[in-house]
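These notes are about the structure you will find just below.
No lab work stands behind these numbers, since they all come straight from the coordinates. Fair warning: this is a prediction, and the values are worked out from it, not measured in the lab. Positions of Cβ are generated from backbone atoms using ideal geometry, with glycine treated the same way; all protein chains shown enter the neighbour counts.
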Amino acid sequence: MPVVVRGGRGRRAWAARGLWAGAELAVTCGLVVLLLVVHQLWWTNREARAEAGHTVHSLEETWDTPGGAAGSADPGSAGGGAGGDEQVAVGEGGGVAPGSSGGAPAGGAKAGAGGSGSGSGTGVLRGDQAYAVIRIPRIAVAAPIAQGISKAGVLDKGYVGHYVQSAQPGQAGNFALAGHRNTHGEPFRYINKLRAGDEVVVETRDTVYTYVVDSVLPQTSARDSGTIAAVPRSDVKPSYGYSEPGHYITLTTCTPEFTSTYRLVVWGKLRASRPR
């Protein structure tokens, strides 16, 4: 009698093995994605906040030491690096554009030059050098301010970056800053909560400057370079901004959260300065 081969059971076994392998692969991929999310949302914040806090402490110690240097106690800053995704592009001749380093011009940017009321006392700064501290009481922010807006050298370290083509603290013009809204310390995560009258304090080696929030632009193009001009006014929404010279501060970050599609802008005016 011929032997009858029953293939149905074998096919079902192979199908079961395939389903099991697919399930294992799906679980593995899910775990990898979860780990990446945890790293991005938790670990980068933990690392960046620790480094930023250390830099704030180092700056304060340096300033309090007689004859201490003006710059950061952070020897790891090298300058350069890819442009940060919080930067607002500036048109031709404006100095910073997408993909640029956001670091200091050749030879460094000299803080305190070209404007009255500077007193920042920072001398010549190298690219990515931390040289001031920003404090925003309403949202419990205390972070270093560094020269330039490169991601690797400044923003991803939990620092707030200074647009090098803009004024320095206390100078006439516009002291323009950028910071992450999500991940890497996210110092500007809650600047959307700032309201008119809130204080933004900038501390340098020699002077403490108190700015007062005056206006908020909830959303504009990432290429709206008018927001960081010397007399800041939105090129996209001209009803937002100013028409007269003054002593301004500008805070820029990405919006909506967890995207880099648009920019959120907060403007303030200098109210007072005092010796540190």
Subject >> Breaking point among (1) of a type in the set (S, T, N, Q); (2) in contact with a helix residue (DSSP H, G or I) (Cβ under 8 Å, 6 or more places away or on another chain); (3) within 17 Å of GLU186 (Cβ to Cβ), for THR259 >> reply: (2)
**OP:** Could you tell me which of the residues ASP156, ASP214 is in contact (Cβ under 8 Å) with a residue 12 or more places away in the chain and part of a strand (DSSP E or B)?
**Re:** ASP214
**OP:** Scan region 241-276 residue by residue and report those that are surrounded by 13 or more Cβ atoms within 10 Å (Cβ to Cβ), assigned to a strand (DSSP E or B) and either among the small types (Gly, Ala, Ser) or free of Cβ contacts under 8 Å to residues at least 12 places away in the same chain (or both).
**Re:** GLY241, GLY268, SER273
